[in-house]
Amino acid sequence: MTRPNHGGNLRWAAGLAGASPADLLDFSASLNPLGPPAWLATWLQQHYTHLIAYPDPQYRQLREAIARHHDCDPDWILPGNGAAELLTRAARDLAACREVLLLGPAFRDYERALTAVGVPWRRLALPLDRPASLATLRGLLEPQLTPETGLLINNPHNPTGWLWPLRDLWPLLQRCRLVVADEAFLDFLPTAADWSLQPCLAQSRSLVIVRSLTKFYSLAGLRLGYAIAHPDRLESWQQWRDPWSVNGLAAALGPELLADHDFQAATWNWLPPARAALASGLASIPGLRVLPSQANFLLVQAEDSILPLQERLLQQHRLLIRDCLSFTELGDRWFRVAVRSSAENQRLLEAIAAELA
């Protein structure tokens, strides 16, 4: 089976481990270990009838709930079948650009979406010896941005987990024909609204923001995300997208998720100490270097190829880490791990330490 370009491929990992997917502890997909919310099982039993009828093609209730969450008008919201579908939609608009710039290392799905619509793209390599500052980012972008250029940028950055106050760069970013900001991991910050580019939408029609609901709530199999953009742009998307791209169950569940403030607070309280402890533990293992992160994952550099380590972790410990072969600038000496519960993180630390001893 072909090595995957995305985390969370438990079927591939189970084949390598000689085990069932259910036996594996997955550190390759950056999902919230506190989720799904405890009430979800009961909710599904009570609301499975949403599967019988066709969903509202306008998704009015879902759009209104998301709009309340972001304090904007529902016309500025378009739900989608996960962030991936919406990035593909955005790529179609980016096809009007002469070229699209990515910050490397870049999520491979960006390249897939851009290649599918035939737009040339180019990666600008971030320095990995230290966290890239806003000044570094400005220095990379300023010579490259023109009215014919597109920019696809994520914040926090995947796979480093670095976070930038991109609003401070908006006068520069406005040079672009179109900016697509992937904010899929921003919900893991309690101050997400302070970091989002959403306020810049009032100043420009040339901005699309893509958000995800499935990572924060651990519902990757459900597929639910949304775009925030000018209503004229979203209306044009509606003209050529498939009807009912969000299933009825996901559309009904979205407002319930956004209203669960207790789950959100629990996540914000869990992540910082859990991430710090995992980063410290990994950094204490000889031969590993951990990049600082503001997200719910950590990028780690090893002295040698991590592919034998990945295989041994699967076969001996039933643990799956994310290799970084799909990130061109990284290669086989880097891996990424999600932050999970304290007990699960400790299990990973002990297994890596044992295998690298």
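If the viscosity is 1.306 mPa s and the temperature 10 °C, what Stokes-Einstein diffusion coefficient in µm²/s follows for the chain when Rh is the Kirkwood radius over Cα pairs?
Result for D is 75 µm²/s.
Quick one: putting +1 on the C-beta of Lys and Arg, -1 on the C-beta of Asp and Glu, what dipole do you get for region 54-259 around its Cα centre, in Debye to the nearest 20?
440 debye
When all protein chains stay in place, what accessible area (Å², nearest 10, 1.4 Å probe) is found for Trp164?
Surface accessible to solvent at Trp164 totals approximately 0 Å².
Accessible area per residue for region 186-343 in Å², computed with a 1.4 Å probe and the full protein assembly in place, what is it?
Value returned for region 186-343: 38 Å² of accessible area per residue.
When the chain is modelled as a GNM with alpha-carbon springs shorter than 10 Å, which of Val208, Val117, Val100 fluctuates the most?
So, out of Val208, Val117, Val100, the one fluctuating most is Val117.
Among Arg177, Arg89, Arg11, which one moves the most in a GNM of the chain with springs linking Cα atoms closer than 10 Å?
Arg11
Long-range amide H contacts for Cys324: which residues qualify at under 5 Å (H placed 1.01 Å from N, peptide plane, sequence gap of 5 or more or a different chain)?
Placed amide hydrogens put Trp334 under 5 Å from Cys324.
Over region 202-241, what is the mean sequence separation of C-alpha contacts under 8 Å (at least six apart), divided by residue count, expressed as relative contact order in percent?
40 percent
Tell me the label-point distance for the pair His50, Glu235, using the 7 Å Cα-to-Cβ offset, in nm and rounded to one decimal.
So the two model labels end up 2.8 nm from each other.
Residue by residue through region 268-279, which ³J(HN,Hα) values in whole Hz follow from phi under the Karplus form 6.51 cos²θ - 1.76 cosθ + 1.60 (θ = phi - 60°), with glycine and proline marked x?
After applying 6.51 cos²θ - 1.76 cosθ + 1.60, I find 5, 6, 6, 5, x, x, 5, 5, 4, 5, 5, 4 Hz.
Which distance in Å, rounded to a whole number, links the C-alpha centroids of region 205-277 and region 91-117?
Cα centroid to Cα centroid, the span is 21 Å.
Could you please state how large a percent of the accessible area of the chain is carbon and sulfur, counting protein chains only and using a 1.4 Å probe?
Within the chain, the accessible surface is 51 percent carbon and sulfur.
Positive end of the charge dipole of region 54-259 (Lys, Arg +1 and Asp, Glu -1 on Cβ, about the Cα centre): tell me which of Ala83, Leu101, Leu257 has its Cα farthest that way.
Leu101
The values are calculated or read from the model by the stated rules, or taken from the named source; none is laboratory data. Just so we're clear, the structure is a prediction, and the values are computed from it rather than from any experiment. Counting neighbours? That spans all protein chains shown, and the Cβs are built from the backbone with ideal geometry, glycine included. Surface accessibility is based on the protein's heavy atoms, side chains included, excluding ligands, DNA and RNA. Shrake-Rupley method; radii C 1.70, N 1.55, O 1.52, S 1.80 Å.
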